[in-house]
Each structure stands twice: as C-alpha cells, then as structure tokens.
1. Normalized C-alpha radius of gyration of the chain, against 2.2 N^0.38 Å?
2. Highest GNM mean-square fluctuation, the chain, Cα pairs closer than 10 Å: which of PRO79, PRO159, PRO112?
3. Just subtract the alpha-carbon distance of ASN174 and LYS74 from 0.36 nm times their residue separation and send over the number in nm, one decimal.
4. I want to check the label-to-label distance for THR221 and ASP139. Put each point 7 Å from Cα in the C-beta direction and report it in nm to one decimal.
5. If exposed GluC sites (Glu not before Pro) are those in a DSSP loop with at most 12 other Cβ within 10 Å, what is the longest stretch of the chain that has none?
6. Looking at the chain as a GNM with Cα springs under 10 Å, which of ILE233, ILE28, ILE212 has the largest mean-square fluctuation?
7. With charges only on Cβ, +1 for K and R and -1 for D and E, what is the dipole size of segment 94-227 about its Cα centre, in debye, rounded to 20?
8. State, as an integer percentage, the relative contact order of the chain based on alpha-carbon contacts under 8 Å between residues 6 or more apart.
Amino acid sequence: MHAIILAAGRGSRLLPLTTDLPKCLLPIGLTTVLGFQLDTLFRHGIESATVVTGFNAHMVKAEINARQTGPKVKRLYNPFYQVADNLASCWMARKSMRQDFLLINGDTLFSPPLLEKVLSAPATDIAVTIDQKDHYDGDDMKVTLDGAELTAIGKTLLPQQTNGESIGMLRFMNDGPEIFRVELKRLMKLEDGTKSWFLSAIDGLAKSGQRIDTINIKGSTWSELDTPEDYEICRNLFGDSEMARKRFVAL
C-alpha cells in the first residue's frame with residue numbers, strides 16, 4: 001500500500017502561524033503534522049509515500065530530507081497551488097496511483113487505531129473514510145449514504161441529506177486506482193477542473209453509478225487542521241511541545 005499526501009497549501013486561515021511555515025510543518029509533539037502522518041503510516045506497514053508540495057516547498061523538502069526513519073518519500077511540486085484546488089495536486093500525483101494507495105489530506109491527523117480500521121476494512125475498489133456526529137457545519141465535507149455506500153459528497157449537502165462527513169482519507173484498491181485516474185483526467189479537461197476539490201471526482205463517480213464504499217471510524221481519534229482553534233485541538237489530541245507553544249504564542 002502506497003500513501004499520497006496532499007500538502008501543497010499554505011493554510012491561510014492559520015495566519016500568522018503560517019506566515020512562512022506551510023501548515024503541514026506546524027509542530028505536533030516532537031515532530032510536525034507531516035512527520036506525525038508519515039510516522040503513523042510507517043508503523044503500520046506503509047513503506048512508500050508521495051507528498052505533493054506547494055507553498056514554501058523547500059521547507060517541506062528539508063523536513064523530509066532530515067528524516068532518519070519512515071517511508072521512502074517522493075516529492076512532487078504543484079506549481080498551481082495558489083490558483084488551483086486539490087484536484088490539481090491529485091493530477092500531479094497521478095503516476096503514483098498505479099497501485100493500491102491511500103489518499104490523505106495534508107491537514108488530517110489520525111490515530112493509529114483509526115489507520116488500522118482503514119487498512120483492515122474489506123478490499124473494495126474505492127472507500128471513503130467517514131465519521132458521524134450530531135451536528136455538521138458549513139465547512140464539513142458531508143456525505144449521503146445508502147447503507148454503507150456513498151451516494152453524494154459535498155459541503156453544500158442539506159441536513160436531511162447528510163449522514164456523515166469525510167475525514168480526508170480515502171483508500172483505493174483493485175480497480176480503484178484506474179477508475180480514479182480516468183475520472184481525474186476527465187475533470188481536468190473541464191474549464192473549471194483545476195478549481196475543483198478531488199472529492200468532486202468521488203461525487204461524480206458515485207452519481208454515475210460507480211460504487212463508492214465507506215469506512216466508518218466513529219469513535220476513533222482524528223482532527224482536521226484549518227484554524228488556530230483546530231491547531232489547539234490537534235496539540236491536545238496528538239501531543240504538545242515547547243516548539244508548538246512558542247509558535248502558538250504568535251496569536
């Protein structure tokens with residue numbers, strides 16, 4: 001199993017924390033967000049990864065080069081990160097999608113037990129990792145389900161259409177990598193393709209009749225990292241450090 005991490009963004013909602021530091025390099029415990037992801041993946045048998053970079057890519061390169069252990073990492077630079085959404089980052093990584101792989105947002109932090117659930121779930125073509133809670137806000141990537149099958153995904157789904165949220169981790173196996181690459185190619189030919197989320201590809205596949213399974217990790221520990229409030233939650237969940245506290249005092 002390969003891992004692809006989309007870490008091109010700056011994280012403008014985290015300013016001033018990300019004035020010069022990509023949000024994937026914000027300190028978490030004794031490492032960084034990206035370091036935590038790579039360490040967790042490696043401990044569970046993921047021996048290779050592709051990291052798509054963008055904002056201050058040289059800093060991400062230095063972080064990866066300084067690592068002493070972990071998966072073998074290939075770096076890909078997305079030159080369109082300032083004007084395109086993460087579908088373009090997926091497009092940059094399409095050649096890394098010729099085997100079973102995990103696709104992970106660079107701002108999703110996850111516990112080892114959560115990753116174990118994802119890796120041990122039945123080997124379906126495409127599976128979206130979801131959580132469920134009592135209330136969903138406008139920023140959640142909401143999903144509509146028919147049993148365990150995903151039928152729609154997007155931030156604008158109505159409350160009566162919402163049965164969960166994507167946490168930003170997908171698994172592609174068997175025919176899934178080829179199915180996803182073909183859909184990426186189709187979307188990138190559209191006029192507004194570069195401005196799309198990669199999950200719009202999943203939504204399109206589901207609505208075209210392609211089965212999209214889900215892996216429900218309700219009760220597992222995870223967090224996204226979009227705002228200073230999120231960062232404080234991530235530090236509490238996954239490890240605080242003097243380095244992180246010094247960074248956080250900028251607020």
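Just so it is clear, none of the values below were taken in a lab; they were calculated from the coordinates. What you see is a predicted model, and the numbers here were worked out from it, not measured in a lab. Glycine gets a Cβ as well: all are built from the backbone with ideal geometry, and neighbour counts include every protein chain shown.
1. Computed over Cα atoms of the chain, the ratio equals 0.95.
2. Its mean-square fluctuation being the largest, the pick is PRO159.
3. On the way: separation 100, 0.36 × 100 = 36.00 nm, distance 2.25 nm.
The span from ASN174 to LYS74 would gain 33.7 nm if fully extended.
4. It is 2.2 nm.
5. 48-190
6. Comparing ILE233, ILE28, ILE212 in a Gaussian network model of the chain, the most mobile one is ILE233.
7. Computed about the Cα centre, the dipole is about 520 debye.
8. Relative contact order of the chain: 26 percent.
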